[in-house]
Amino acid sequence: MLSRRRFLGAVGSTGLVVAAGCDENAAGRPGSSGFPGGAQQKGERLQPGSAAAPQPFTQPLRIPPVIQPVRTENGTDYYQVTTRVAQAEILPGTRTEIWGYNGIFPGPTFDVRRGRRIVVSTRNELPTPTVTHLHGGRTPPEHDGYPMDYILPVGGWSSAAHDAHTGSVSPGTRDYAYPLDQRAATMWYHDHRMDFTGPQVWRGLAGMMLLRDDEEDALPLPHGDREVPLMITDRTFNEDGSFMYPSIDPTLRDTPGVTGPYHGGVLGDTILVNGVPWPFLEVEAARYRLRFLNASNSRQYRLELDPRPNGVAPFIQIGSDGGLLDAPRNLDRIDIAPAERFDVIVDFSKYSVGTRIVLRHTGGTGNVGQVMQFRVARTASDDSAIPSRLSTIPRLTPPTSEPTRQFAFQQGPEGGKMVWRVNSRSFNPDFIHADVRLGVTEMWQLVTDAQHPVHVHLSPFQIHQRIGQSLAPTDGGWKDTIRLEPNKVARILVRFDGYPGKYVFHCHNLEHEDMRMMANFTVR
Ligand code: C2O
Ligand code: CU
Ligand code: CU
């Protein structure tokens, strides 16, 4: 058998895959004009080559620990988090250097309640600045993780690149205060450092926050061990087990960006769920609540169960990015773009004991075509149910029949190269694309060239229309990120309530975001 190193030598490539690949992913391919197409196809073929990668479904799923507050005062829970470098065993028998919240990847899970304010004191022991954004949070602007509101390393920092950026910079430590005055939802938190979010998230800076409320607690949904957060990411590893990422400047100090062929996005060859490669989970023959988060830099997944359950839909969706749907929806498959969340029930009682069910990514090939496995271990009683009414969602109505604004997410030439832009502008912290009034609903029309998952901070939205298409079965409920395929137009209804201030919206393909596919809006 050819060792991986010799194999790599032979084809002169790496295990990294460009998002413009032959795979399902049109992430980096605007229309037909293109990115280099040859290298990534070799990359795809290297998927099974990761020397230390385990056989799929040999590692048990791990559940990230729930973080506890260090103290409680006047109804506020105080947490302490340190971002730091640590070693993790991701591929069995090897060590991977990670950058993690409290030194773990994924970071600890916040299990919190609506209306109970929390303060997360974050100390940065990493060698570079970091910024934390609570994705899905209805958060005042100074705590939202604006990309230049750096927490500098405790050891100090200077960099020519960063001197040019001014934000509200904190030396060493910063307190993020989250009112959590919003509906129960599956949220997540991640690094949002200007120009370097892609590599810093890739190194591990991402975790989940499960926000609960009385409305949801009153429902007889599966809970306890039968409620499982599943953070899906793809990564590629070097021979020694370290993460591979094509940064131009691997110190992440000065020069942002990835090397040429990865301009469209970086895809890994190893699928991790909660940081474990292709794990398995033993389940009882009962209903489970699975909270899917796609925390991958640029890979979009098409999730399907193989085999399908008998007599029910594979996935019964109960929640979206912004919490409970009004009523459950049956889904055959889930197309999940980076940063989207799907809260679903899978009824394992519709399988016989002993069945092994593969959660597939049917858009992928080889090992990338599978995500994890469920093993139905035993029969069990189940007092859960899926109510036919889950919640009430006010249906937003368009203010007029025409969109208030249009935003084109497209690449274009700038400084002699192609960059990712919004309305022909790459991110400029001083340019405001939209100035909106607190409390209004606007219809935004979004236009793409390549695949661009568009995320709006602060304000949840509803997907109103996909021009020339019907709405997808997965489009329901309150959203904060919309999956958009190449060359498409969609209309979203965004309700700007929360707090006045300056926020960003951007493509959540992190390589596109780092290459400035981001824009500001202000609320007042
Ligand atoms: Cu999940 Cu502005 O990001
Ligand atoms: Cu966000
Ligand atoms: Cu994009």
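The values are calculated or read from the model by the stated rules, or taken from the named source; none is laboratory data. Because the structure is predicted, anything quoted here is derived from the model rather than measured. Using ideal geometry, Cβ is built from the backbone for each residue, glycine included, and neighbour counts are taken over all protein chains shown. For the accessible areas, the whole protein counts, side chains as well, though only heavy atoms, and no ligand, DNA or RNA atoms are used. Shrake-Rupley method; radii C 1.70, N 1.55, O 1.52, S 1.80 Å.
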Most to least accessible of Asp240, Asp249 (protein chains only, probe 1.4 Å): Asp240, Asp249
Selection of trypsin sites (Lys or Arg not before Pro), segment 413-478, meeting DSSP coil and at most 15 other Cβ within 10 Å: Arg437
Pairwise label distance in nanometres, Val169 with Ser470, each label 7 Å out on the Cα-Cβ vector: 5.4
Computed P(r) (all Cα pairs; segment 281-323; 5 Å bins; percent): 5, 14, 22, 28, 18, 11, 2, 0
Solvent-accessible area, 1.4 Å probe, carbon plus sulfur percent, for the chain: 48
Built amide H within the under 5 Å cut-off of Val283, gap 5+: Arg375, Val376, Ala377
Near-label residues of segment 351-368 by backbone N, under 16 Å of a point 7 Å along Cα→Cβ of Asp306: 356-368
Per residue accessible area of the chain, 1.4 Å probe, in Å²: 36
Area projected by the alpha carbon convex hull of segment 140-266, averaged over all directions, nm²: 11.1
Residue-span extension gain [Val66 to Tyr78] - 0.36 nm each, minus C-alpha spacing: 2.9 nm
Calculated Rg and Dmax of segment 395-444 using C-alpha coordinates, Å: 14.3, 45
Rounded to whole Å, sorted largest first: equivalent-ellipsoid semi-axes of segment 450-524, Cα gyration tensor: 21, 17, 9
Three principal axis lengths of segment 106-198 [C-alpha, angstrom, descending]: 42, 22, 21
Mean shadow area of segment 93-160, taken as a quarter of the surface of its Cα convex hull (nm²): 6.7
The chain: C-alpha gyration tensor shape, a/c 1.5 cut-off, then a/b vs b/c: rounded
Global size of segment 375-503 as Cα Rg and Dmax, reported in angstrom: 18.7, 64
Phi-based couplings in Hz for segment 457-462 (Karplus 6.51, -1.76, 1.60; Gly and Pro marked x): 6, 6, 10, x, 9, 10
